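Encoded as structure tokens, the structure appears first; notes follow it.
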Amino acid sequence: MGCGCVLQGNKVCLRTVRESDLELIYRLMTDVSEKGEHWLLDIPAEPAFRRGFNERGFWHENFGRMLILDKTGEIIGEIIYFRNADYRAGYEVGYQIFRRENRGKGYMSEALALFSAFLFESKPIPRLQLTVVAGNEASRAVAEKCGYRYEGTLRQAAFLAGKYVDLELLGLLREDCPPLLV
């Protein structure tokens, strides 16, 4: 693909962020009109966003961001990992496809499978977890297709569209994750 991919799939490739990506990524991340009904609107301030890249390139022990590119090399989304609490083993994963027209094509399922396997092969962690807004069946289906299992509901854990909503917690253990095929 010639795009500097770190992880290559059939439909997508994943790579780390480059400085030349910053303006486009920030614009895509902050386009509220493309977020959809289940997206928690958390818009970073642009100076803080750029500082995060300048300090560590969006890749360090407790946080990492990769871009998801389609076969043409177009940036279609992002996938991240982060440590959500010091006392928890493993990382939480988050993901998004930036534009509505790229959703429902299997891009995220492949990206999550690649990313999960990569994290287990590169980090000494026993588990990964993610949360989806209750009722976001598409995101939950992506997680379950990649082996994540429902572990419980975090009641009124997030604020969305003027009210508190439940989050469903899904987890994946190291031994349940297929190996990374490179």
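The values are calculated or read from the model by the stated rules, or taken from the named source; none is laboratory data. Remember, it's a predicted structure, so these values are computed and weren't measured experimentally. Cβ sites come from the backbone with ideal geometry, for glycine too, and all protein chains shown count toward neighbours.
Overview of results
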quantity: Failed item, numbered, when Tyr81 is tested on (1) within 18 Å of Cys13 (Cβ to Cβ); (2) more than 15 Å from the chain's Cα centre (by Cα); calculated: (2)
quantity: Residue satisfying condition, being more than 25 Å from Ala157 (Cβ to Cβ), surrounded by fewer than 16 Cβ atoms within 10 Å (Cβ to Cβ) and touching a Leu at 6+ places or on another chain (Cβ under 8 Å), within set Arg27, Arg99, Arg51, Arg15; calculated: Arg99
quantity: Any pair with Cβ under 8 angstrom, 6 or more apart, that starts in the stretch 121-134 at a residue that is farther than 10 Å from Tyr148 by Cα and ends at one that is assigned to a strand (DSSP E or B) and hydroxyl-bearing (Ser, Thr, Tyr); calculated: Lys123/Tyr91; Ile125/Tyr91; Ala134/Thr153
quantity: Residue in the stretch 36-44 that is touching a Lys or Arg at 6+ places or on another chain (Cβ under 9 Å) and either at pLDDT 90 or above or assigned to a helix (DSSP H, G or I) (or both) present; calculated: no
quantity: Filter pass, Arg174 being within 25 Å of His60 (Cβ to Cβ) and modelled with pLDDT of 95 or more; calculated: yes
quantity: Qualifying positions in the stretch 42-61 - in contact (Cβ under 8 Å) with a residue 24 or more places away in the chain and closer than 30 Å to Tyr164 by Cβ; calculated: Phe49, Phe58
quantity: Members of the stretch 80-116 found to be closer than 18 Å to Asp31 by Cβ and in a strand (DSSP E or B), listed by number; calculated: Ile80, Gly94, Tyr95, Gln96, Ile97
quantity: Scan of the stretch 65-78 for residues that are out of contact with any Cys (no Cβ under 6 Å at 6 or more places or on another chain) and in contact (Cβ under 8 Å) with a residue 40 or more places away in the chain, ordered by number; calculated: Arg65, Met66, Leu67, Ile68, Asp70, Lys71, Ile75, Ile76, Glu78
